[in-house]
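For reference, the structure is listed below as structure tokens.
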Amino acid sequence: MGDPTAFSCFHTTHASQEAVVDALQSDKFNGYPPTVGLPQTRRAISEYLSRDLPYKLTSDDVFVTSGCTQAIDIALAMLSRPGANILLPKPCFPIYELCSAFRHLEVRHFDLLQENAWEVDLDAVEAIADHNTVAMVIINPGNPCGNVYSYQHLEKIAETASKLRIPVIADEVYGHLAFGDKPFVPMGVFGSTVPVLTLGSLSKRWIVPGWRLGWFVTTDPCGMFGTPKVIERLKKYFDILGGPATFIQVKLDLSLLEDINDDIEFCFKLVKEESVIFLPGKAVGLNNWIRITFAADPSSVEEALRRTKSFCQRHARKLSLYDINAINKKC
């Protein structure tokens, strides 16, 4: 469900396929890209989106993501802070609820009015927003309702958000997939009224959800997102996400442990006693080292390290005064 490629009548264009083939055969793109995306990719996205805007985006406004789902997570991560809340439409694409919970953002819902073609209940938005509200989300064209907002309604959304002093997260993954007499209008058209974070991807318009190429764009001609603090937070987040290494390596000082002879015994006893799994360094040619992954949620990593500390304290060798002096001399 939701994947058009399951049906043979839906397929991407030959031009898209040929572009990917050419890129693969060029042997120019097999290394790690910059964490924010290749410069030429960012430039192409900025030029593509600028076609429908009254101002020009630059490549500095564009951050390339692994599909729109990662763009959603980045937007919420960047805006989150203790006690913050975010305004989501009801009904809404469920990934927003999940990402909000993961980022400890309180979710507040505003209704989409069925009798008004699923337009935003702007009175409700004003009623539920407060000084801790960090953004409101709109999905246009809509998912799951299939609505397409008019220029006039988007203008009212922008004015309301500006009044509340909050940015708009505009999920436009279905951009330009509009039928009938309402054309698609990007929320970024109103970027001079309110700062807009535009999210999108190749998946829907080009029918390639498996390619996982999306974007996070600051459609913000007045530079309200351009403060050093916001830019630094964005770059820091992408640097954390983009690094290929997701582990650290630690050398064991076996002289401080009473009944452990090597890294394999350390890891075996640790998993048996504390249910914590580390990789013995011997597996990668590093005897008496251990490898610790931190590709997990922070609370799990913290709990694993707490248990490891308890384990080491239980197995610590009782040191004599002679031992302590010897260790001090080494240091």
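Taking the Cβ of ASN147 as the center, what net charge do the other residues with Cβ under 11 Å away carry, scoring Lys and Arg +1 and Asp and Glu -1?
Numbers: positive: LYS182; negative: GLU119.
My count for the surroundings of ASN147 gives 0.
I need the peptides 14-25, 302-313 ranked by packing, meaning the mean over residues of other C-beta atoms within 10 angstrom, with the highest value on top. Please list the in-between numbers first.
Values: 14-25: 10.5, 302-313: 14.2.
The peptides rank, most packed first, as 302-313, 14-25.
For n ≥ 4 DSSP H runs only, could you compute -39500 (n - 2.57) per run for the chain, divide by its residues and tell me the 222 nm figure to the nearest 500?
Numbers: 10 runs with 120 residues, N = 331.
Calculated mean residue ellipticity at 222 nm is -11500 deg cm²/dmol.
Below 12 angstrom from the Cβ of SER66, what's the summed charge of the other residues (Lys, Arg +1; Asp, Glu -1)? Before the final figure, lay out each step's value.
Details: positive: ARG212; negative: ASP73.
The answer is 0.
Distance in nm between label sites at HIS109 and ARG317, each 7 Å beyond Cα in the beta-carbon direction?
Rounded to a tenth, the inter-label distance reads 6.2 nm.
Scan segment 5-65 for chymotrypsin sites (Phe, Trp or Tyr not before Pro) in coil per DSSP, keeping those whose Cβ has at most 13 other Cβ atoms within 10 Å, and list them by number. Intermediate results must be reported in sequence, preceding the final value.
Details: sites: PHE7, PHE10, PHE29, TYR48, TYR55, PHE63; in loops: PHE7, PHE10, PHE29, TYR55.
Sites meeting the loop and neighbour criteria: PHE7, PHE10, PHE29, TYR55.
Determine the shape class of segment 13-141: with a ≥ b ≥ c the square roots of the Cα gyration tensor eigenvalues, call it rounded for a/c under 1.5, and otherwise prolate if a/b is greater than b/c, oblate otherwise.
The shape class here is prolate.
Taking the chain, how much of its Cα-Cα pair set, in percent, is spaced more than 26 angstrom apart? Could you put the intermediate results ahead of the total?
Numbers: 32004 of 54615 pairs.
Distances greater than 26 Å cover 59 percent of the Cα pairs.
Any chance you could check the Cα centroid distance between segment 1-66 and segment 125-199 for me, in angstrom?
Distance between centres, Cα-based: 23 Å.
Does anyone have the angle between helix 67-79 and the longest principal axis of the chain? Alpha-carbon axes, 0 to 90°, nearest 10?
That works out to roughly 80 degrees.
For the pair TYR151 and SER299, how long in nm is the line joining their label points, each one 7 Å along Cα→Cβ?
The modelled label-to-label distance comes out at 4.8 nm.
Using 1/(1 + (r/R0)^6) with R0 = 30 angstrom and r between the beta carbons of SER8 and THR35, what's the FRET efficiency to the nearest 0.05? Can you show the working numbers first?
Working: r = 37 Å, r/R0 = 1.23.
E between SER8 and THR35, to the nearest 0.05, is 0.20.
Find, among the trypsin sites (Lys or Arg not before Pro) in segment 1-93, those assigned to loop by DSSP (not H, G, I, E, B) with at most 15 other beta-carbon atoms within 10 angstrom.
On the way: sites: LYS28, ARG42, ARG43, ARG51, LYS56; in loops: LYS28, ARG51, LYS56.
The qualifying sites are LYS28, ARG51, LYS56.
When you count, for each residue, the other Cβ atoms within 10 Å and take the mean per peptide, how do 160-169, 179-188 rank with the highest first?
On the way: 160-169: 19.7, 179-188: 15.7.
Most protected by this proxy first, the peptides run 160-169, 179-188.
Since every read-out is calculated from the coordinates, none of them should be taken as a lab result. The structure presented is a predicted model; accordingly, all values stated were derived computationally and were not measured. Positions of Cβ are backbone-derived with ideal geometry, glycine not excepted, and every protein chain shown enters the neighbour counts.
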